Amino acid sequence: MIQKNAEKSRLSMSAFILSAALDKQIIIVDGLDKSLAELKAIGRNLNQLTTLCNMGKIQALELAELKQQFGTAVESIVGLNAG
């Protein structure tokens, strides 16, 4: 039963047992992987744009699409948390 719960929580056996022994709450959020992947991709794009700005290769940016993608990803996380 402990091993099954550790696998379900996506923690190693020792991390799961340590968390349980310290009365730490283990929260499992299904579907978060896709939203986090989207946020990472947006972050990489933003870092690339920042680098290009700092190099002087681009001066003015239109970030409307990036803002929209970021907002959508954040809303999906908030929606998972509320549900």
Taking region 56-72 and keeping only residues that are touching a Leu at 6+ places or on another chain (Cβ under 8 Å), modelled with pLDDT of 80 or more and not in a loop (DSSP other than H, G, I, E, B), one is left with F70
Considering each residue of region 1-33, count those that are part of a helix (DSSP H, G or I) and surrounded by 11 or more Cβ atoms within 10 Å (Cβ to Cβ), and give that number. 12
Residues of region 24-83 satisfying the condition of being of a type outside the set (G, A, S), within 30 Å of K8 (Cβ to Cβ) and more than 13 Å from the chain's Cα centre (by Cα): K24, Q25, I26, I27, I28
What do you reckon, is A37 within 30 Å of N5 (Cα to Cα) and in the same structural domain as N5 (by TED's automatic domain parsing)? no
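The values are calculated or read from the model by the stated rules, or taken from the named source; none is laboratory data. Keep in mind that what you see is a predicted model, and the values were worked out from it rather than measured. We place every Cβ from the backbone using ideal geometry, glycine too, and count neighbours over all the protein chains shown.
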